[in-house]
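Peer 1: What follows is a single structure, and I will ask about it in a moment.
No value in this document is a laboratory result; all are computed from the given coordinates. Note that the structure is predicted; figures quoted are calculated from it, not measured. Heads up, the Cβs are rebuilt from the backbone with ideal geometry, glycines too, and the neighbour counts pull from every protein chain shown.
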Amino acid sequence: MERAKPRIEPLGDQHDRAAFSCGIDALDRYFRVQAGQDSRKRIASCFVLVAADGSAAGYYTLSATGIALVDLPPDLARKLPRYPLVPATLMGRLAVDHRQRGRGFGELLLFDAFSRTLRSEIASYAFVVDAKDDAARAFYEKYGFKRLPSADRRLFLPLAEIARAFV
């Protein structure tokens, strides 16, 4: 019998969120209590990594946001129209269950989010993340994310750079 491969799908009633634990209370509580409401109200889309055993191994959220043009590095800002805000996609949360760590699931979730954003027909200049701590910031910086000067833990990566990685 072939073992099921992990898959990523939109959050639904079939996902058991009660047992999920990444070790960060705010991320655990969000997934258990708030993610479904945010999805239904179209505040944030939540995507769940379903492990081979059917458990929720991780999740991430995507929503629309904007970056103030003045917050972008000058070399990037001068190439853009003079709108006060540049459209962006926010990955507000990314978490992997502590029992699933060390399997590359964080990277898998991040690249799935990149792929979904690139396939979207809605314009977005950059992919934005909010790192919860220094370890999370280091994780994102490993993939080329740059800090926004207005917030030490808010990072961004232009979608043009992400698209080149997918070619």
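Peer 1: More than 17 Å apart: what percent of Cα pairs in the range 1-89 qualify?
Peer 2: Result for the distance tail: 59 percent.
Peer 1: Which order do E161, E121 fall in if you start with the one that has the fewest other Cβ atoms within 10 Å? Present the calculation step by step, with values, prior to reporting the outcome.
Peer 2: Numbers: E161 14, E121 4.
In increasing order of surrounding Cβ atoms, one gets E121, E161.
Peer 1: Just to check I understand the Karplus step: with θ = phi - 60° and J = 6.51 cos²θ - 1.76 cosθ + 1.60, what whole-Hz values come out for the range 136-144, glycine and proline as x?
Peer 2: 5, 4, 5, 4, 5, 4, 4, 9, x
Peer 1: Is it possible to state the helix-based mean residue ellipticity at 222 nm for the chain, with each DSSP H run of 4+ residues giving -39500 (n - 2.57), the sum divided by total residues, to the nearest 500 deg cm²/dmol? What is it?
Peer 2: Numbers: 6 runs with 45 residues, N = 167.
When only DSSP H runs of four or more count, the value is -7000 deg cm²/dmol.
Peer 1: Moving on. May I ask for the angle, rounded to the nearest 10°, between helix 105-119 and the longest principal axis of the chain, with both axes built from Cα atoms and the value confined to 0 to 90°?
Peer 2: So the helix axis and the longest Cα principal axis differ by about 50 degrees.
Peer 1: Can you tell which of G36, G54, G92 shows the greatest fluctuation in a Gaussian network model of the chain with Cα springs below 10 Å?
Peer 2: It is G54.
Peer 1: Tabulate in residue order the Karplus-calculated ³J(HN,Hα) for the range 120-134, using 6.51 cos²θ - 1.76 cosθ + 1.60 with θ = phi - 60°, rounded to whole Hz; enter x for Gly and Pro.
Peer 2: 5, 8, 8, 5, 8, 7, 9, 9, 10, 10, 10, 6, 6, 7, 5
Peer 1: Taking 7 Å along the Cα-to-C-beta vector as the label spot, tell me the A165-D53 distance in nanometres, rounded to one decimal.
Peer 2: 3.0
Peer 1: Which distance in nm do the two modelled labels at A19 and L85 give, with both placed 7 Å along the Cα-to-Cβ direction?
Peer 2: With each label point 7 Å from Cα toward Cβ, the separation is 4.0 nm.
Peer 1: Measure off 7 Å from each Cα along the Cα-to-Cβ vector at R101 and E141, then give the distance between these two points in nanometres to one decimal.
Peer 2: Each label point lies 7 Å from its Cα, and together they span 2.0 nm.
Peer 1: Check the straight Cα-Cα distances from K146 and name the lysines below 20 Å, setting aside those fewer than 8 residues away within the same chain.
Peer 2: Within reach: K79, K132.
Peer 1: Classify the chain as rounded, prolate or oblate from the Cα gyration tensor: take a ≥ b ≥ c as the square roots of its eigenvalues, call it rounded if a/c is under 1.5, otherwise prolate when a/b beats b/c and oblate if not.
Peer 2: Here the chain falls in the prolate category.
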